[in-house]
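To start, the structure itself, in structure tokens.
The values are calculated or read from the model by the stated rules, or taken from the named source; none is laboratory data. All values reported here derive from a predicted model rather than from experimental measurement. For the accessible areas, the whole protein counts, side chains as well, though only heavy atoms, and no ligand, DNA or RNA atoms are used. Shrake-Rupley method; radii C 1.70, N 1.55, O 1.52, S 1.80 Å.
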Amino acid sequence: MNAWWQALAERERRMLLAALAVVLVGVFYAAVWAPLQRGIAVRGERVSVLRGDLLWMRGASVRLLALRAQAALHPPGGAAPAASASASATLAVRVGASARALGLYDVFEVAAGGDAASTLQLQLKPLPFASLLSWLAALQAQGIHVSALHLQAAGAGQVQGRVILQRQDSTGADSAGAG
């Protein structure tokens, strides 16, 4: 091979080297560069599709929470809401049913003290602040109001703390039950 190379004229050697460079560039483009570019384009399209899916899911989750809250307040068939259907239902039962209706499971513990029929003190475990607001709004719509709320940050978008809830429809608990 070396003898053949040496037998070539200087001009022929330069032309062969230039041709070899062109072939190597072509092989590199066909075997490496083009597939990488196609992969990048495909991944970019996939990311766009997944971002669209994520936006749809976020919107759907908001609608789902709203529907759950609405279902807790107005069950199908025109019946009274399950949490307030019975006048004898305790405040703790109503609050627990409201939390479950919004998909909030194990977010509070009932603290000692208070009249369970008209006042309820809850120790809140870390939960998203937006979910807490939705839950308190649903409770307000059911005739349960917040008489005290103490919160502290528990992470990004998360809060924990203590809340005292009171029935608005309880008789004689307008000023005597605030404790």
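Worth a mention:
- Percentage of interatomic Cα-Cα distances in region 121-168 larger than 18 Å: 24
- Largest accessible area first, the listed residues 27, 32 line up as 27, 32 when surface is computed with a 1.4 Å probe on the assembled protein chains.
- D (Stokes-Einstein, µm²/s), Kirkwood Cα radius, region 5-44, 1.002 mPa s at 20 °C: 178
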